[in-house]
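Q: Here it is: the structure, laid out below.
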Amino acid sequence: MPARRHALALPFAVALLCAACGDEQRVPDAKPAAPPAPPVMNASQPPSARPLRDRLLTAFGGYEFVPGREALLKIAPEPELVPGLIALWQDPAAPLNARINALASLRHWPSLLTRAVFEAALQAAGTPDAARRSAVKAYGVAFGPDAVPLLALLSTHRDLHTRDAVARALARVGTAGSKAALGKALEAETEPSVRTTLEAAIAGRLSR
């Protein structure tokens with residue numbers, strides 16, 4: 001009799017085990033957790049959390065006030081700031097006024113890199129006249145006597161306002177070389193308004 005009870009119990013146990021296996025297979029696999037959503041940038045975030053380009057566009061948003069060296073360094077440290085200014089100047093999608101201010105602001109950090117950026121902008125045919133005139137002044141301020149050869153070359157530029165800006169930049173340099181460049185520019189100049197500026201520059205009557 002015991003042997004018969006064991007024989008009956010065995011199929012029943014196997015059936016229970018198979019049923020348990022079937023239930024386990026019907027449980028769906030757990031899905032991996034979704035990655036966290038990236039933070040959303042908005043106006044309520046602290047200024048340091050906004051991209052450098054946006055911070056510079058805000059700083060250069062006005063026409064009358066342009067932040068100086070110390071104010072710009074509060075936006076970003078020099079190793080980050082200077083490449084950011086160059087990138088903004090070279091960004092055709094940015095407002096022209098912001099681009100002009102970014103280029104002119106490079107005068108605060110004269111170096112081989114910024115000199116190359118200035119000289120490329122000053123000589124490029126596609127540089128807007130307003131940007132070139134602003135860059136003439138900034139280039140002369142940043143590089144002084146080293147700026148004279150290119151400024152002298154620009155004294156014959158087709159844009160008379162650029163030539164006027166060059167005369168004023170050479171006057172600010174105030175070296176023998178810059179005065180010689182002013183004299184040569186006066187010999188070649190035919191526009192009365194520019195000649196007046198050149199004569200005042202040679203005579204030392206222009207305010208620096």
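Q: What helices (runs of 4 or more DSSP H), lying completely within region 56-116, carry at least 2 residues that are buried (at least 19 other Cβ atoms within 10 Å of the Cβ)? Outline the logic, then answer.
A: On the way: elements: 69-73, 78-89, 96-105.
Hits in region 56-116: 78-89, 96-105.
Q: Continuing with the same structure: Going by the structure shown, is Ser178 in the same structural domain as Ala59 (by TED's automatic domain parsing) and part of a helix (DSSP H, G or I)?
A: Judged against the criteria, Ser178 is not a match.
Q: I'd like the full set of residues that are among the hydrophobic types (A, V, I, L, M, F, W, C) and crowded, with 23+ Cβ neighbours inside 10 Å, limited to region 160-171.
A: Ala165, Val166, Ala167, Ala169, Leu170, Ala171 - these are the residues of region 160-171 that are among the hydrophobic types (A, V, I, L, M, F, W, C) and crowded, with 23+ Cβ neighbours inside 10 Å.
Q: Quickly run through region 48-73 and pick out the residues that are under 21 Å from Ala131 (Cα atoms) and of a type in the set (A, V, I, L, M).
A: Residues satisfying the conditions are Leu56, Leu57, Ala59, Val66, Leu72.
Q: Looking at (1) surrounded by 14 or more Cβ atoms within 10 Å (Cβ to Cβ); (2) assigned to a helix (DSSP H, G or I), which is the only condition Glu187 fails?
A: It fails just one condition, (1).
Q: Residue under question is Asn42, and the condition is that it be outside the structural domain of Pro149 (by TED's automatic domain parsing), modelled with pLDDT under 95 and of a type in the set (S, T, N, Q); does it hold?
A: yes
Q: When region 134-159 is examined, which residues are found to be surrounded by 17 or more Cβ atoms within 10 Å (Cβ to Cβ) and more than 24 Å from Leu81 (Cβ to Cβ)?
A: Answer for region 134-159, where residues must be surrounded by 17 or more Cβ atoms within 10 Å (Cβ to Cβ) and more than 24 Å from Leu81 (Cβ to Cβ): Val148, Leu150, Leu151, Ala152, Leu154, Ser155, His157.
The values are calculated or read from the model by the stated rules, or taken from the named source; none is laboratory data. Just so it is clear, the structure is predicted and the values come from calculations on it, not from any experiment. Backbone-built Cβ (ideal geometry, glycine too); neighbour counts: all protein chains shown.
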